[in-house]
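Below: one structure, written as structure tokens.
The values are calculated or read from the model by the stated rules, or taken from the named source; none is laboratory data. As the structure is a computational prediction, the values presented were derived from the model and not from experiment. Please note: Cβ atoms are built from the backbone with ideal geometry, for glycine as well, and neighbour counts cover all protein chains shown.
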Ligand code: PNS
């Protein structure tokens with residue numbers, strides 16, 4: 001009989017972490033006893049650099065999980081990673097990857113990634129959770145654009161992220 005998965009990885013660029021991400025991490029933790037949030041060194045998706053450094057993105061995530069009360073659940077840690085996700089999962093002893101899906105546009109990209117990961121590591125399970133409808137339109141890029149144009153991001157990100165965005169875009173004026 002197959003063992004139940006005890007440990008999953010929630011990977012992402014988190015540039016910066018949004019309340020949509022926090023919701024996915026929270027739900028992953030309710031499904032599995034141990035969750036490692038893996039912050040990717042650079043965005044491989046479109047080959048462009050990130051707005052926040054890896055260190056900043058990890059720090060904002062740790063604080064956001066505290067601010068939103070998710071850390072209290074225990075069993076969650078945040079780690080940076082570079083290289084292949086499947087290698088990171090193997091190193092950490094995780095049996096699955098959890099990602100959130102917002103819309104069909106996410107699905108095509110995520111299915112491709114999941115298929116590729118399944119090809120590279122057939123024993124690694126890909127698990128998808130549907131985004132909370134309240135966060136369906138929230139993405140890191142929407143948050144960055146809104147903040148850069150002086151819009152209010154209070155309902156989309158945690159307080160520490162809002163502050164960081166304010167500092168980042170104020171320094172670019
Ligand atoms: O926040 P994102 O952009 O959805 O995160 C994408 C991420 C970091 C999960 C994805 O790009 C990834 O897994 N990168 C690590 C490199 C890798 O394993 N790529 C897939 C095989 S080429």
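Results, tabulated for the structure shown:
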| read-out | value |
| --- | --- |
| Residue match in the stretch 121-136 (condition: in contact (Cβ under 8 Å) with a residue 60 or more places away in the chain, under 26 Å from residue 59 (Cβ atoms) and loosely packed, with under 13 Cβ neighbours inside 10 Å) | no |
| Residue tally, condition closer than 20 Å to residue 126 by Cβ and in a helix (DSSP H, G or I), over the stretch 69-105 | 10 |
| Of the criteria (1) out of contact with any strand residue (DSSP E or B) (no Cβ under 8 Å at 6 or more places or on another chain); (2) within 15 Å of the ligand (Cβ to nearest atom), which one residue 57 fails | (1) |
| Residues of the stretch 106-136 that turn out to be within 14 Å of the ligand (Cβ to nearest atom), outside any helix (DSSP H, G or I) and modelled with pLDDT of 95 or more, as a count | 6 |
| Residues (within 16 Å of the ligand (Cβ to nearest atom), outside any strand (DSSP E or B) and touching a strand residue (DSSP E or B) at 6+ places or on another chain (Cβ under 8 Å)) located in the stretch 1-26 | 13, 14, 20, 21, 23, 24, 25 |
| Selected residue [closer than 23 Å to residue 26 by Cα, free of Cβ contacts under 8 Å to residues at least 12 places away in the same chain and either in contact with a helix residue (DSSP H, G or I) (Cβ under 7 Å, 6 or more places away or on another chain) or within 16 Å of the ligand (Cβ to nearest atom) (or both)] from 154, 139 | 154 |
